[in-house]
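The block underneath contains the structure these notes are about, expressed in structure tokens.
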Amino acid sequence: MSELAERFETHDPGEKQVAEKIRCDACPVMCYIADGRTGACDRYGNVGGRIVRMDPLTILDHAAETGGAVVPFVAEGEAWNGDLVNTGRRFVTAIGAGTTYPDYKPAPFIVSQEVEGVDLVTVVTEGIFSYCGVKVKIDTDRHIGDEAATVRSEGEAIGHVTTGEYGSQMLSLGGVHHLTGGSKAEGRATCDALLSLCNRKSVELAIDGGATVIVEAGKAPVIDGKVEHRMRVGCGSATIGMFATQWRGLVDEVVVVDDHITGVVSEHQAGKVLGWEDTGIKIIGRRSTPGRYFKVSEPGLGWGGTSIDDPLSILGDWNAKKGARPGLSLLMVSTTGEQFAYYELDDQLKPVEKPFPDRLQKSVGLIEDNCEPALCTVLFIGGAGGSLRAGVTENPVNLTRSVQGLRTYVTVGGAPVYVWPGGGITLMVDVTRVPEGAFGYVPTPALVAPIEFTMRRDDYVRLGGYENEIRSVEDILAKGGEYLNPRSNTDAPVNNPWPPLAQLRRSTANGAG
Ligand code: SF4
């Protein structure tokens, strides 16, 4: 049983012990915690009879993040001390902030800061997301499982294979049905896997009828024990288009083997334009358009995401009437350039493998050079629902409208998010842009994610915000908050912009409010 699973089992206190313990009310689990111990999620503890958030509140220092010249920024009332680290440009994240649960109270921190003449407010809370999951993009053309196949972790169903993208396989994991709609074990395994993936740890996933994949955000996928190094340069047809000129004059025929579209240069439009002659080749597969073939084999872990190890198995008989002749040369290559072979037709028009000629090495190397490194990408997706919004404003729908109207800028641990159009606040964020260890969980089960809403102060007041709760960054640094945890400054990740003045200024220009 995993550490997380054990916590699920053990969080419930015996009634007898309750009297000596104090209750944490930061989530519906309501742990009773003994002095010196932490609750079920490890995020809160009993320190000397007070409930304390065990991790520090994280404050990001934004300085020189663009890599360009450092422009000293000094907040009002501060004197620049000459350090290149600009302590005036800070962002109070929700990492370590605590939650609004049970939702009748304002967010743990409502921070004011004037930046370049714009009076901003950032509302900061750790949201409890029951509706959440991750989308995983795995850069590989290998077949890891059929669309809609179940994805498992620790033997439990936690998601499914979804529609593949160009050069990548996609997984949709988590969601409320796996977290809370199935068995207790399914919910635990789902929460455990989501938490690890969001915190950039590796997770082994088994796909029904498919492969076992080790996924870690920002790292190469490991498929059935083999590290995937390269993302394909394109489909077989695109590869023909890109490299046909490189092969002209060096070889009589080129076949780019690909599970999606296998390309044949002599028939392909790119080859025709270059004056490539017919070779009498026959591809076993479904011809789409000239030089482009679907379904040359079943999908698999072989050449170009097919199941084949011998590329000749996709060739039929060569036709002498259409150009086949003894000595005709043939290059077969995969879409990553990792697999390649060279053949010449014998007197019976059968391809015979020959040593790979030097003259073709460069073109195969060019395919490899044009491949990007294969990575796993993990996007957290969650819905900032009804109760979370109540910590921001007394009239929650106003926050939704403000986000949708681009008057409120949403971040997760300071990282920019994509907010889906349409109703609600459904957001996605690349977990590699969020500071490490920012995600937590509660045993309901649900994930805990930091979320910050930044807007102009006058907008905040207008949408029914808790004006009396607004505090300065300096005050928060000096005094902290309800959960008594220390504050910790750290450099902002590169490329996470702060503040979003361009957007917020635009909202003014549009007369928003
Ligand atoms: S699970 Fe964590 S947040 Fe919830 S009550 Fe227990 S200690 Fe508090």
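Among the residues here, residue 476 does not qualify as surrounded by 15 or more Cβ atoms within 10 Å (Cβ to Cβ) and within 30 Å of residue 215 (Cα to Cα). Figure legend. Inter-residue proximity from the stretch 448-460: first residues within 12 Å of residue 127 (Cα to Cα), second residues part of a strand (DSSP E or B) and among the acidic types (Asp, Glu), beta-carbon distance below 6 Å, spacing 6+ or different chains. Indicated pairs: 448/126; 450/126.
Only a single item in (1) among the small types (Gly, Ala, Ser); (2) closer than 30 Å to residue 197 by Cα; (3) in a helix (DSSP H, G or I) is not met by residue 382, and it is number (3).
When the stretch 476-493 is filtered for residues that are farther than 18 Å from residue 123 by Cβ and within 32 Å of the chain's Cα centre (by Cα), the ones remaining, listed by number, are 485, 486, 488, 489, 490, 491, 492, 493. Residue 136 satisfies every condition listed in (1) of a type in the set (Val, Ile, Thr); (2) in contact with a helix residue (DSSP H, G or I) (Cβ under 8 Å, 6 or more places away or on another chain); (3) more than 21 Å from residue 430 (Cβ to Cβ) except (3).
One residue alone among 103, 141, 83 is modelled with pLDDT under 95, under 27 Å from residue 426 (Cα atoms), outside any strand (DSSP E or B) and not small (Gly, Ala, Ser), and that residue is 103.
What's the number of the only condition in (1) within 16 Å of the ligand (Cβ to nearest atom); (2) among the small types (Gly, Ala, Ser); (3) at pLDDT 50 or above that residue 5 fails to meet? Tallying (1) within 16 Å of the ligand (Cβ to nearest atom); (2) among the small types (Gly, Ala, Ser); (3) at pLDDT 50 or above, residue 5 fails exactly one: (3).
Look at (1) at pLDDT 70 or above; (2) within 14 Å of the ligand (Cβ to nearest atom); (3) more than 32 Å from the chain's Cα centre (by Cα); (4) over 19 Å from residue 108 (Cα atoms) and you find that residue 48 fails only one, number (2). Here residue 359 fulfils each of the conditions (1) within 22 Å of residue 126 (Cα to Cα); (2) assigned to a helix (DSSP H, G or I) apart from (1).
The condition of being surrounded by 20 or more Cβ atoms within 10 Å (Cβ to Cβ) and either among the hydroxyl-bearing types (Ser, Thr, Tyr) or in contact with an Asp or Glu (Cβ under 7 Å, 6 or more places away or on another chain) (or both) holds for only one of 323, 234, 263, 304, that being 304. Scanning the stretch 139-157 for residues being closer than 30 Å to residue 371 by Cβ, touching a helix residue (DSSP H, G or I) at 6+ places or on another chain (Cβ under 7 Å) and not hydroxyl-bearing (Ser, Thr, Tyr) gives a total of 3. The set of residues in the stretch 93-129 being over 20 Å from residue 458 (Cβ atoms), touching a helix residue (DSSP H, G or I) at 6+ places or on another chain (Cβ under 6 Å) and not charged (D, E, K, R) consists of 127 alone. Cβ-Cβ contacts under 8 Å between residues 6 or more apart (or on different chains), taken from a first residue in the stretch 348-360 that is surrounded by 13 or more Cβ atoms within 10 Å (Cβ to Cβ) to a second residue that is among the small types (Gly, Ala, Ser) and part of a helix (DSSP H, G or I), are listed as 349/320.
Could you tell me whether the stretch 182-190 includes any residue that is of a type in the set (Asp, Glu), assigned to a loop (DSSP other than H, G, I, E, B) and modelled with pLDDT of 95 or more? No; the residues of the stretch 182-190 include none that is of a type in the set (Asp, Glu), assigned to a loop (DSSP other than H, G, I, E, B) and modelled with pLDDT of 95 or more.
Beta carbons closer than 7 Å, at least 6 apart along the sequence or on distinct chains, pair a first residue in the stretch 20-32 that is closer than 10 Å to residue 443 by Cβ with a second that is in a strand (DSSP E or B) and within 6 Å of the ligand (Cβ to nearest atom) for 27/442; 29/442.
Taking the criterion of being away from the ligand (no atom under 16 Å from the Cβ) and not hydrophobic (A, V, I, L, M, F, W, C), the residues of the stretch 438-456 that qualify are 452, 454, 456.
The values are calculated or read from the model by the stated rules, or taken from the named source; none is laboratory data. These numbers come from a predicted model, not from an experiment. Reconstructed Cβ throughout: ideal geometry from the backbone, glycine too, with neighbour counts over all protein chains shown.
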